[in-house]
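J.: Okay, handing you the structure first.
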Amino acid sequence: MTGKELIKYLEEWIPKAVAWQKDNVGLQVGNPARKVSGVLLCLELTEKTLKQALRQRCNFIFSHHPLLFQPLKSINTFNDKNSRLIELLIKNDLTLYSAHTNLDYAKDGVSFELAKTIGLSNIKFLKKLDSNQFKLVVFVPETHIDKVSEAIFNAGGGVIGEYKKCSFSASGSGTFEGSENSNPFTGNAGKFEKVNEIRIEVLVDSWKLKSVIAAMLKNHPYEEPAYDVYPLANENVNYGIGAIGEFEKPLSQKEFLELLEKKLGLQNFRYCSGSNNKIKTVAVCGGSGAEYINTAISANADAYITADVKYHSFQDAEGKILLIDAGHFETEIHSLKKVKKYIDDYLKTINLEIPVYAAKDSSNPIKFYKI
Ligand SMILES: [Zn+2]
């Protein structure tokens with residue numbers, strides 16, 4: 001398996017196209033055509049983690065935070081940490097790949113895994129991503145409805161949440177009159193024709209549109225298939241920010257905070273109390289999610305767990321929602337378990353034994369002075 005093949009598989013789950021526009025996800029350094037000897041997963045690359053990769057013969061490193069975020073002005077390997085890492089990656093034939101906000105915004109990504117780790121069920125996105133979908137409408141003769149629909153589905157069209165192969169069709173009649181140079185599938189050139197046709201409609205994610213249209217055209221019998229592409233204002237139910245779920249039984253504030261400490265392995269954390277002492281519905285956003293505190297309140301969450309929360313945000317939230325700053329590293333690290341499982345499952349299906357490890361050394365720079 002090459003790095004490129006692994007990346008292709010990862011991006012079926014966490015497409016680059018859903019990432020925040022200013023993010024820099026995908027290949028960071030290295031040659032994706034190289035065969036993968038082992039995979040090392042980390043939140044961010046450090047020299048210690050890179051050395052672990054070398055020790056464990058992993059030449060593909062997956063990091064959540066991109067190494068290359070700001071444009072580089074120079075690569076100074078004398079005193080710049082990132083430059084030194086780039087040098088070590090290249091010298092040792094390593095590939096570094098990053099999935100950042102695309103891992104945040106995907107189902108079973110950072111926030112879903114955080115919600116699962118603390119034991120929530122019935123997990124949904126806290127806020128769905130804005131529209132990035134199209135409606136594809138195509139008119140096909142009755143004989144070709146299955147062939148064209150299958151081609152669209154196989155190319156990734158018609159996915160709505162937990163459902164795939166979603167489409168709507170209705171029958172009607174189409175008309176055409178081909179020129180003398182035409183070669184109509186039914187009827188005759190130069191003659192006005194009326195034929196029964198089926199109108200098929202499907203939702204398509206923007207980044208899949210090109211391949212879905214290509215597959216549809218390839219399988220459509222007409223010389224000039226008629227089709228329409230409409231931009232949609234719908235929220236995309238397949239991708240979103242944060243997650244919200246419920247505990248089976250409500251917990252008291254004390255029980256809830258103790259559970260967080262245990263499940264998330266927290267040494268210490270900051271919080272402010274909410275409006276009541278019973279915690280049942282909980283919203284989460286792994287990493288810096290303070291801007292969604294009001295979204296969590298509007299969703300009737302009793303508590304909201306995120307990181308990088310400012311003093312004034314606590315002040316605004318106090319009395320409205322139990323707000324917890326559980327730490328950036330602590331709210332994101334759990335997602336690597338899911339990344340490992342996703343890659344391991346793939347390796348099993350293709351019968352390949354390639355090790356997938358998690359970074360041993362914590363890259364969290366934050367320490368607690370007194371606990
Ligand atoms: Zn982060």
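Only the coordinates and a few stated rules stand behind these numbers; no lab work does. Bear in mind that the values here come from a model prediction, so they are computed numbers and not experimental data. Because the Cβ atoms are built from the backbone with ideal geometry, glycine has one as well, and the counts that use them run over all protein chains shown.
J.: With contacts defined as alpha carbon pairs under 8 Å and 6 or more residues apart, what's the relative contact order of the stretch 133-234 in percent?
T.: On the way: 185 pairs, mean separation 48.5, N = 102.
The value is 48 percent.
J.: Once phi is turned into ³J(HN,Hα) by the Karplus curve 6.51 cos²θ - 1.76 cosθ + 1.60 with θ = phi - 60°, what whole-Hz value does each residue of the stretch 32-41 show in order, with x for glycine and proline?
T.: x, 7, 5, 6, 7, 9, x, 10, 10, 10
J.: Could I ask something else about it? Can you give the percent of C-alpha pairs in the stretch 133-234 whose distance is more than 16 Å?
T.: Working: 2888 of 5151 pairs.
For the stretch 133-234, the share of Cα pairs beyond 16 Å comes to 56 percent.
J.: In whole Hz, what ³J(HN,Hα) sequence does the stretch 94-102 give by Karplus (6.51, -1.76, 1.60; θ = phi - 60°), x for Gly and Pro?
T.: Karplus values, whole Hz, x for Gly and Pro: 9, 10, 10, 10, 10, 10, 9, 5, 5.
J.: On to the next question. Give me 368, 60, 269, 247 ranked fewest to most by other Cβ atoms within 10 Å of their Cβ, as a rough exposure proxy.
T.: Listing 368, 60, 269, 247 from fewest to most nearby Cβ atoms yields 368, 269, 247, 60.
J.: Treating only the Cβ atoms of Lys and Arg (+1) and Asp and Glu (-1) as charged, compute the dipole magnitude of the stretch 285-371 about its Cα centre; round to the nearest 20 debye. Don't skip to the answer; put the middle values down first.
T.: Working: 10 positive and 12 negative charges, 56 e Å.
The dipole of the stretch 285-371 has a size of about 280 debye.
J.: Also, I was wondering about something else. Amide H of residue 356 versus every other amide H placed in the peptide plane: which residues, excluding those fewer than 5 positions away on the same chain, fall under 5 Å?
T.: Placed amide hydrogens put 39 under 5 Å from residue 356.
J.: Which angle between 0 and 90 degrees, to the nearest 10, do you get for helix 145-154 versus the longest principal axis of the chain when only C-alpha atoms count?
T.: Compared with the principal axis, the helix lies near 20 degrees.
J.: For the stretch 208-217, just list the computed ³J(HN,Hα) in residue order, Karplus coefficients 6.51, -1.76 and 1.60, θ = phi - 60°, integers in Hz, with x standing in for Gly and Pro.
T.: Computed from phi, the couplings for the stretch 208-217 are 9, 4, 4, 6, 5, 5, 4, 5, 4, 5 Hz.
J.: Hey, another quick one. How much length, in nm to one decimal, is gained on full extension between residue 70 and residue 232, taken as 0.36 nm per residue of separation minus their Cα-Cα distance? Mind dumping the intermediate values first?
T.: Numbers: separation 162, 0.36 × 162 = 58.32 nm, distance 3.23 nm.
Answer, rounded to one decimal: 55.1 nm.
J.: Let me ask something else. Treating the angle as unsigned and between 0 and 90°, give the value, to the nearest 10°, between the Cα long axis of helix 253-263 and the longest Cα principal axis of the chain.
T.: 80
J.: So if I place +1 on the C-beta of Lys and Arg and -1 on the C-beta of Asp and Glu, and nothing else carries charge, what would the dipole magnitude of the stretch 133-234 be about its Cα centre? I want it in debye, nearest 20.
T.: Values: 10 positive and 13 negative charges, 62 e Å.
Computed charge dipole of the stretch 133-234: roughly 300 debye.
J.: With Cβ to Cβ distances under 14 Å as the rule, what net charge do the other residues near residue 212 carry (K, R +1; D, E -1)?
T.: Working: positive: 135, 164, 165, 208, 210, 218; negative: 150, 201, 205, 228.
Combined, the nearby Lys, Arg, Asp and Glu give +2.
J.: A follow-up question, please. Would you give the gap between the C-alpha center of the stretch 170-229 and the C-alpha center of the stretch 333-367, rounded to a whole Å?
T.: 46
J.: Counting Lys +1, Arg +1, Asp -1, Glu -1, what net charge surrounds residue 149 among other residues with beta carbon under 11 Å of its beta carbon? Please list the in-between numbers first.
T.: On the way: positive: 147, 165; negative: 146, 150, 201.
The answer is -1.
J.: A further question follows. Compute the convex hull volume of the Cα atoms of the chain, divide it by the residue count, and report the result per residue in Å³ as a whole number. Don't skip to the end; give the middle numbers.
T.: Details: hull volume 70.0 nm³, N = 371.
So the per-residue Cα hull volume is 189 Å³.
J.: Another question, then. Just the Kirkwood number for the stretch 84-125, please: inverse of mean 1/r across all distinct Cα pairs, in Å, one decimal.
T.: Values: mean 1/r = 0.0795 Å⁻¹.
For the stretch 84-125, inverting the mean 1/r across all distinct Cα pairs yields 12.6 Å.
J.: In the chain, with Lys and Arg counted as +1 and Asp and Glu as -1 at Cβ, which of these residues, 272, 145, 178, has the Cα nearest the positive end of the dipole, that is, farthest along it?
T.: So the residue we want is 272.
J.: Compute the long axis of helix 81-91 from its Cα atoms, compare it with the longest principal axis of the Cα atoms of the chain, and write down the angle in degrees, 0 to 90, nearest 10.
T.: 60
J.: Right, another one. Report the net charge of residues surrounding residue 116, where surrounding means a beta-carbon distance below 12 angstrom and charges are Lys +1, Arg +1, Asp -1, Glu -1.
T.: On the way: positive: 107, 263, 337, 338, 341; negative: 108, 113.
Net of charged neighbours comes to +3.
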